[in-house]
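Peer 1: Mind looking over this structure? Questions follow.
The values are calculated or read from the model by the stated rules, or taken from the named source; none is laboratory data. Quick caveat: nothing in here was measured; it's all calculated off a predicted structure. Note that each Cβ is placed from the backbone with ideal geometry, even for glycine, and that neighbours are counted across all protein chains shown.
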Amino acid sequence: MYWSAWATLAALGVYFWTGVVAGAARVRYKVPAPSMEGPEAFQSRQRVQMNTLEQLPLVLAPMWLCAWYLGDPWAAAGGLLWCCARVVYALGYYRDPARRELGFILGMVACGALVAGATVGLLMQ
């Protein structure tokens, strides 16, 4: 489970990064907490951070199930694909919310592959 542990840390690192970006935007655009209203640039950064938080259970739970039942390298690969996809998603969203699709699709493919891997591993038991 060595590689899946690293992939978990990478996923948490992506989440931490999106949180720092959202926090910096809150300061830059002078949006006082707990307000979620502000310029589009702030809202985009805040949505990326919240969307990433919403996605964490969809990647972490199936990644560890996949690691346990199918194999660590497969699970870690899916987790790292998700991390890359979330970075692509975030950078696209920051430029223009309409440009987030590629990262979103790749992230969902990673989650789907992890669920499929966990299912296959369970069926092989």
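Peer 1: Looking at Ala5 and the list (1) in contact with a Lys or Arg (Cβ under 7 Å, 6 or more places away or on another chain); (2) under 25 Å from Val120 (Cα atoms), which single condition is not satisfied?
Peer 2: For Ala5, the exception is condition (1).
Condition check ((1) touching a residue at least 40 places away in the same chain (Cβ under 8 Å); (2) not in a helix (DSSP H, G or I)) across all residues:
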| site | (1), (2) |
| --- | --- |
| Arg26 | no, no |
| Lys30 | no, yes |
| Gly38 | no, yes |
| Phe42 | no, no |
| Arg45 | yes, no |
| Val48 | yes, no |
| Leu58 | yes, no |
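Peer 1: Being of a type in the set (S, T, N, Q), more than 15 Å from the chain's Cα centre (by Cα) and at pLDDT 95 or above is the filter here; which residues of segment 5-49 pass it?
Peer 2: Result: Gln43, Ser44.
Peer 1: Scan segment 74-83 and tell me whether some residue there is surrounded by fewer than 18 Cβ atoms within 10 Å (Cβ to Cβ) and not in a loop (DSSP other than H, G, I, E, B).
Peer 2: No - not one qualifying residue is present in segment 74-83.
Peer 1: Turning to a different aspect of this structure: Return a yes/no flag: does segment 113-125 have any residue that is within 16 Å of the chain's Cα centre (by Cα) and surrounded by fewer than 16 Cβ atoms within 10 Å (Cβ to Cβ).
Peer 2: No, because not a single residue in segment 113-125 is within 16 Å of the chain's Cα centre (by Cα) and surrounded by fewer than 16 Cβ atoms within 10 Å (Cβ to Cβ).
Peer 1: With respect to the numbered conditions (1) surrounded by fewer than 18 Cβ atoms within 10 Å (Cβ to Cβ); (2) more than 13 Å from Ala7 (Cα to Cα), which one is the sole condition not fulfilled by Leu56?
Peer 2: Going through (1) surrounded by fewer than 18 Cβ atoms within 10 Å (Cβ to Cβ); (2) more than 13 Å from Ala7 (Cα to Cα) one by one, Leu56 breaks only (2).
Peer 1: Right, something else. Among the candidates Gly117, Gly121, Gly92, which residue alone is under 23 Å from Trp17 (Cα atoms) and either modelled with pLDDT of 95 or more or in a helix (DSSP H, G or I) (or both)? Break it down into steps so the answer makes sense when it comes.
Peer 2: Values: Gly117 fails: under 23 Å from Trp17 (Cα atoms); Gly121 fails: under 23 Å from Trp17 (Cα atoms).
Only one candidate qualifies: Gly92.
Peer 1: Restricting attention to segment 59-68, and to residues there that are buried (at least 17 other Cβ atoms within 10 Å of the Cβ) and not β-branched (Val, Ile, Thr), which single residue is nearest to Arg99 (Cα to Cα)?
Peer 2: Leu60
Peer 1: Give the number of residues within segment 7-48 that are under 17 Å from Ala61 (Cα atoms), of a type in the set (A, V, I, L, M, F, W, C) and surrounded by 14 or more Cβ atoms within 10 Å (Cβ to Cβ).
Peer 2: 4
Peer 1: Do any residues in segment 69-85 that are within 22 Å of Arg100 (Cα to Cα) and modelled with pLDDT of 95 or more have Cβ atoms under 6 Å from those of residues that are of a type outside the set (A, V, I, L, M) and in a helix (DSSP H, G or I), where the two are at least six apart or on different chains, and which pairs are they?
Peer 2: Listed by first residue and then by second, the contacts come to Trp82/Gly107; Ala85/Gly103; Ala85/Gly107.
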